[in-house]
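The values are calculated or read from the model by the stated rules, or taken from the named source; none is laboratory data. Values in this document were obtained by computation on a predicted structure and should not be read as measured data. Positions of Cβ are generated from backbone atoms using ideal geometry, with glycine treated the same way; all protein chains shown enter the neighbour counts. Accessible surface areas use protein heavy atoms only, side chains included; no ligands, DNA or RNA. Shrake-Rupley method; radii C 1.70, N 1.55, O 1.52, S 1.80 Å.
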Amino acid sequence: MIVTGYLKKLRNEFLRKIIYRKYKIGEGFYCGIRVRIWAKQNVEIGKNFYIGRDSFIESNVIIGNNVIWANRVALVGRYDHHYQQVGVPIRLALQIRDIEYNWKGIDDVTIIEDDVWVGYGTTIMSGVKIGIGSIIAAGSLVTKDVEPYSIYCGVPAKKLKPRFDSEEDLEKHKLLYKKNYT
């Protein structure tokens with residue numbers, strides 16, 4: 001058991017410091033198998049980020065601390081292909097990965113604040129902001145900004161309810177989080 005835990009930590013540090021070295025990734029990074037991380041310009045990940053297996057980051061993103069992504073979560077660009085390139089089939093059109101690409105989406109940055117949980121099979125479109133303390137239910141499609149301390153679900157994702165049942169619990173959480181994790 002101790003050896004297995006050590007090997008996992010070693011693997012995660014290898015990924016953080018070698019494979020994804022061009023990105024800024026904080027300590028406590030955990031990466032499931034078959035994960036792919038890529039961005040045209042920038043990936044910034046805070047401390048204690050957990051990204052489940054078969055998940056993808058394929059867009060510029062800033063992720064806060066203590067964020068968890070379940071398996072098969074995808075952050076994808078809205079404009080990965082120049083689908084309005086006149087006279088060119090979409091399949092052959094410029095892609096955001098191409099050096100010559102100068103169309104929409106280049107400067108889109110997705111922001112995922114601290115203490116966020118993204119459920120299994122969720123897709124997040126680039127350019128949105130997911131507020132602090134929020135939860136995105138499994139299978140959701142996030143196309144617009146998400147309010148802090150809220151639970152969103154559906155296709156497209158809509159606010160279901162606040163994360164906490166009372167303002168008192170929310171305020172207590174904020175105080176304890178600030179005291180223990182910032």
Select the strands (runs of 3 or more DSSP E) contained entirely in the stretch 123-182, then report the ones holding at least 2 residues which are farther than 19 Å from D108 by Cα and either open to solvent by less than 70 Å² (accessible area, probe 1.4 Å) or at pLDDT below 95 (or both).
150-153
Exactly one of these conditions fails for N48: (1) touching a residue at least 24 places away in the same chain (Cβ under 8 Å); (2) over 20 Å from A137 (Cβ atoms); (3) open to solvent by 70 Å² or more (accessible area, probe 1.4 Å); (4) within 14 Å of the chain's Cα centre (by Cα). Give me its number.
(1)
Would you mind finding the one in G139, G105 that is more than 16 Å from G77 (Cβ to Cβ) and without any contact (Cβ under 8 Å) to a residue 60 or more places away in the chain?
G139
Considering the stretch 14-45 alone, what residues qualify as being part of a strand (DSSP E or B) and of a type in the set (A, V, I, L, M, F, W, C)?
I25, C31, I37, W38, V43, I45
Residues of the stretch 83-102 being open to solvent by less than 70 Å² (accessible area, probe 1.4 Å) and more than 23 Å from the chain's Cα centre (by Cα), which ones?
Q85, V88, A93, L94, Y101
Any idea which of R97, R91 is of a type in the set (K, R), in a loop (DSSP other than H, G, I, E, B) and out of contact with any Gly (no Cβ under 8 Å at 6 or more places or on another chain)?
R97
